[in-house]
Each structure stands twice: as structure tokens, then as C-alpha cells.
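Working notes, beginning with the structure itself.
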Amino acid sequence: MRPRRFDLIAFDWDGTLFDSTRLITRSIQAAVRDVGGREPSDIQASYVIGMGLMQALAHAAPDVPPEQYERLGERYRHHYLQSQHEISLFAGVLPLLADLRSRHHWLAVATGKSRRGLDETLRHVELQGVFDGSRTADETAGKPSPLMLFELMREFGVEPERMLMIGDTTHDLQMALNAGCASLAVSYGAHDPAGFEVLQPLHVAHTVRELHDWLLAEA
């Protein structure tokens with residue numbers, strides 16, 4: 001059976017499926033402090049979520065010189081790994097993914113995380129076999145470059161009009177526009193939804209339950 005509207009649905013990870021926005025924000029701020037930079041505000045730190053790691057850190061800490069970027073990345077990973085056990089999937093995500101699979105959608109992840117970081121997460125028993133494919137920023141290009149979506153479409157033989165990108169940031173929505181595919185936004189993640197409309201998402205879901213209902217009705 002072919003899905004009604006979208007063959008391939010790609011999800012951002014952090015802030016969309018995984019409740020990690022606050023931890024990432026705190027880890028960025030702590031890393032910048034560690035290398036002597038000016039600590040970014042919550043808004044500044046959360047804005048870069050979804051970008052590739054070094055691209056994000058450079059944007060969040062413009063006063064940190066490039067020769068400090070490697071240490072900045074190391075300190076970010078240190079703070080994140082210290083507390084990653086505290087975070088989990090948003091409630092309702094697993095039933096949502098199960099329902100989409102039962103309707104024969106291909107499911108993928110398109111994330112600013114590293115390949116190593118994503119693979120560590122996907123090794124959890126509850127996520128094994130859930131996703132058909134994935135792309136990360138370090139093996140393609142950081143958002144809003146459309147490269148990871150182009151590679152996923154090529155892998156599955158899907159045209160842009162048969163792909164949907166779901167994310168919580170303007171980076172995700174801009175990436176979808178750049179790739180020529182549709183997008184759907186969630187408002188419970190890293191970015192203020194006031195900035196979403198100009199990027200033309202089909203819908204803005206305010207809860208996982210609303211996201212679930214929209215996908216079952218419209219995808």
C-alpha cells in the first residue's frame with residue numbers, strides 16, 4: 001500500500017522527537033564559559049539547535065577565536081554527556097511512529113547531531129528498526145543546507161512532493177524549502193513559532209498528540 005500523500009517522512013531529532021532542548025542550551029552555555037567566552041542567552045543558545053555542532057558553537061560564541069573551537073566542542077560534549085541520561089523521547093512519540101509505519105510510510109531522521117551521537121541514541125531497544133534511514137550534519141552538511149534531504153530522497157527514490165520534513169526550528173523549515181519538499185513544524189521545541197509562518201509549513205502542531213492526529217488525517 002502506498003501512503004496517501006507522503007511516502008517519506010523525515011524528522012528532526014532534538015526538540016522534535018527527543019526532549020533535549022534545555023540540556024543542549026545549558027551545555028552550550030557551560031562550554032562557552034569554560035573557554036572564557038561571553039555566555040549566550042537562552043534564546044541565543046537555543047537558536048543554534050539543529051545546526052551542525054561546530055557551526056552552532058561558532059554562531060553561539062562569536063567572541064571565541066577559531067583556535068578554541070576544538071576545545072569548545074570537547075567541553076560541549078562533556079557537559080551534554082554528563083546529563084544525557086536525564087532526557088528521553090517526548091511522551092507519545094513511539095505510538096506516533098508505530099502508526100506511521102503501519103500505514104507504510106518510510107521514516108527517516110535528518111539531524112544536526114553527529115553520526116556517532118545519533119547512532120548511540122538509536123541503539124536503545126525501543127528505537128531499533130523504527131527508522132528506515134538517517135542523515136546527520138557531519139556526514140552531509142548542516143541545516144539549512146538541503147543536502148541531507150536530497151540524499152534521503154535519492155536513497156528511497158522519492159520525489160520532493162512525496163517527502164515531508166518535520167522539525168522544531170526555522171533551520172528545519174528552511175531546509176525543507178531549499179529541498180523543494182513540504183514541512184510541518186512543532187512549537188514545543190527550540191524556536192519561537194512566531195518565526196514559522198514565513199517558511200510555509202503545512203501546519204504547526206503544539207503537542208505530540210496534535211502532530212499525531214494531523215499526520216494520520218493528512219499524510
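Please verify whether LEU184 is assigned by TED's automatic domain parsing to the domain that holds PRO201 and within 20 Å of GLU210 (Cβ to Cβ), treating the condition exactly as stated. For LEU184, the condition - assigned by TED's automatic domain parsing to the domain that holds PRO201 and within 20 Å of GLU210 (Cβ to Cβ) - is met.
Inspect segment 40-61 for any residue being under 27 Å from MET175 (Cα atoms) and in contact with a Pro (Cβ under 6 Å, 6 or more places away or on another chain) and give the result as yes or no. Checked against the condition, which is being under 27 Å from MET175 (Cα atoms) and in contact with a Pro (Cβ under 6 Å, 6 or more places away or on another chain), segment 40-61 yields at least one hit. Any residue at all in segment 83-90 that's without any contact (Cβ under 8 Å) to a residue 24 or more places away in the chain and out of contact with any Cys (no Cβ under 9 Å at 6 or more places or on another chain)? Yes, segment 83-90 contains a residue that is without any contact (Cβ under 8 Å) to a residue 24 or more places away in the chain and out of contact with any Cys (no Cβ under 9 Å at 6 or more places or on another chain). Might you let me know whether segment 58-74 holds any residue that is under 15 Å from the mean Cα position of the chain (by Cα) and without any contact (Cβ under 8 Å) to a residue 12 or more places away in the chain? Checked segment 58-74: no residue is under 15 Å from the mean Cα position of the chain (by Cα) and without any contact (Cβ under 8 Å) to a residue 12 or more places away in the chain. When VAL48, VAL35 are checked against the criterion of being at pLDDT below 90 and among the β-branched types (Val, Ile, Thr), VAL48 stands alone in meeting it. Looking at PRO201, PRO193, just one residue is modelled with pLDDT under 95, in contact with a strand residue (DSSP E or B) (Cβ under 6 Å, 6 or more places away or on another chain) and not charged (D, E, K, R), and that residue is PRO193. For segment 1-50, taking the residues that are among the aromatic types (Phe, Trp, Tyr) and touching a strand residue (DSSP E or B) at 6+ places or on another chain (Cβ under 9 Å), the one that is surrounded by the most Cβ atoms within 10 Å (Cβ to Cβ) is identified as PHE11.
Among MET153, MET165, MET175, which is the only one that is hydrophobic (A, V, I, L, M, F, W, C), farther than 21 Å from PRO193 by Cα and touching a residue at least 60 places away in the same chain (Cβ under 8 Å)? Can you show your working first?
Numbers: MET165 fails: farther than 21 Å from PRO193 by Cα; MET175 fails: farther than 21 Å from PRO193 by Cα.
Selected residue: MET153, the only one of MET153, MET165, MET175 that is hydrophobic (A, V, I, L, M, F, W, C), farther than 21 Å from PRO193 by Cα and touching a residue at least 60 places away in the same chain (Cβ under 8 Å).
Among the residues making up segment 188-202, those that are under 17 Å from the mean Cα position of the chain (by Cα) and surrounded by fewer than 16 Cβ atoms within 10 Å (Cβ to Cβ) are ASP192, GLY195.
The values are calculated or read from the model by the stated rules, or taken from the named source; none is laboratory data. Note that this is a predicted model, so its numbers are computed, not measured. Positions of Cβ are generated from backbone atoms using ideal geometry, with glycine treated the same way; all protein chains shown enter the neighbour counts.
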